[in-house]
1. Using the Kirkwood radius over Cα pairs, work out the Stokes-Einstein diffusion coefficient for region 213-355 at 25 °C and 0.890 mPa s, in µm²/s as a whole number.
2. Under 17 Å between alpha carbons, and skipping anything fewer than 8 positions from residue 231 in its own chain: which aspartates and glutamates qualify?
3. With θ set to phi - 60° and the Karplus curve 6.51 cos²θ - 1.76 cosθ + 1.60, what are the ³J(HN,Hα) couplings of region 249-265 in order, to the nearest whole Hz, using x for Gly and Pro?
4. In this model, which of 61/208; 194/269; 207/269; 213/266 are farther than 21 Å apart at the alpha-carbon?
5. Please compute the contact order of the chain in relative form: average sequence separation of alpha-carbon pairs under 8 Å and at least six residues apart, divided by the residue count, as a percent.
6. Highest first, please rank the peptides 83-96, 258-271 by the mean number of other Cβ atoms sitting within 10 Å of their residues.
7. Averaging over every viewing direction, what projected area does the convex hull of the Cα atoms of region 306-355 cover, in nm²?
8. So between residue 123 and residue 281, what do we pick up on full extension, going 0.36 nm a residue minus the alpha carbon distance?
Amino acid sequence: MINNIFPLFLIIISFTTSIYPQNNIAANFEIQEIGKNIYAVIRKDPPGLMCDGNSVIIINKDHVVIVDAPEASNEIIKELKKMTDKPVRYVINTHWHDDHITGNQAYHDAYPNAEFIAHKNILEYLPHQGLINRNNMISSAPGGVEYLKSLLEKNESMAGGPMTDEERVSFINDIALVEHYLDIVPNTEYFLPKITFNDKYILEEDKKIEIIKAGNAHTAGDIVVFLPDEKILITGDIVVHPVPLVGAEQSHIDEWGATLDKLISKNAKTIVPGHGKVMHDNSYLSLLSGLFNSICRQTKDAVAQGKTLDEIHTSIDLEEFREEIAGDSQLKKILFNYYVKGPGVTAAFNELNKK
Ligand SMILES: [Zn+2]
């Protein structure tokens, strides 16, 4: 047994070193210019079970506005200081999950005058559900890492059968991200935003920045940031590419499609999702809107026929969407089942029972 485990560590170390030259998973992002003095910080991780968030840097005449503060914020601040010596004045959190808010403390430490902006629901969720999420993650993460290491050791896919190269790279990256999370998050206090709002909050000190609650979706605290002059839309986790992230308990799948339709109506030229690549048209948003509406419609019909939750999980047909999102990728098919089909049906079922 020990002989089997030991070589695994060698494999992991050699893979992580070759994928990350400085062996620094936190800095695995690239900074893309998406407008004049506007930069998207896009994670380069492969699709996986674990992730850290994208963020956006907006450099105004005399200060900087940041959208989202992921776990890698110390590394982002290092890069920001090379780009400008202007101080960060505002940090906007698109919602209250750790991969979008953990870095608030880092921004506060580096820029003590920075002010933090979020939807008012964050004050309710972050200290309660946020803390429960965090404690669940901290207690379950080591077991998850062991599970992934055992799959790597056995060269076995989560779907059964042999692991593909894509899964191997993804799981190794997941392990590095989880280990970074466990390094950073348990040692970081929640930092609650002081500026909160209900429908809309506008910053107009230089570039016009609209902070909007378009509707419930990934959470009840989702907000988006829209720069109307540049037609740049920053969506948080209302849009996640290539596989959306649905929470069985915390997502509002019955409202998600309508929320996406409102974002589509903005006709943005540049869309920065909470995770995944920058996009330049609405096609992926339309796909997701159709997917979430289909989950809700099929679940509602099945409940009307008297089916149980277990039966609906088996009978629901999302093949058309899974094909579009996952194609031939075994990894993305696994992620689709894990992050969309399973929790999506449960969320839709629970919402129907609440009504
Ligand atoms: Zn996220």
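1. It diffuses with D of about 160 µm²/s by this estimate.
2. 33, 204, 206, 210, 261, 281
3. 9, 9, 8, 10, 5, 6, 9, 4, x, 5, 5, 4, 4, 5, 5, 4, 5
4. Distance filter (> 21 Å) returns 194/269.
5. Values: 620 pairs, mean separation 52.8, N = 355.
For the chain, the relative contact order is 15 percent.
6. Peptide ranking by packing, descending: 83-96, 258-271.
7. About 3.7 nm², averaged over all directions.
8. Values: separation 158, 0.36 × 158 = 56.88 nm, distance 3.33 nm.
Gain in length upon complete extension: 53.6 nm.
No lab work stands behind these numbers, since they all come straight from the coordinates. Predicted model only: the values in this text are computed from it and were never measured. Using ideal geometry, Cβ is built from the backbone for each residue, glycine included, and neighbour counts are taken over all protein chains shown.
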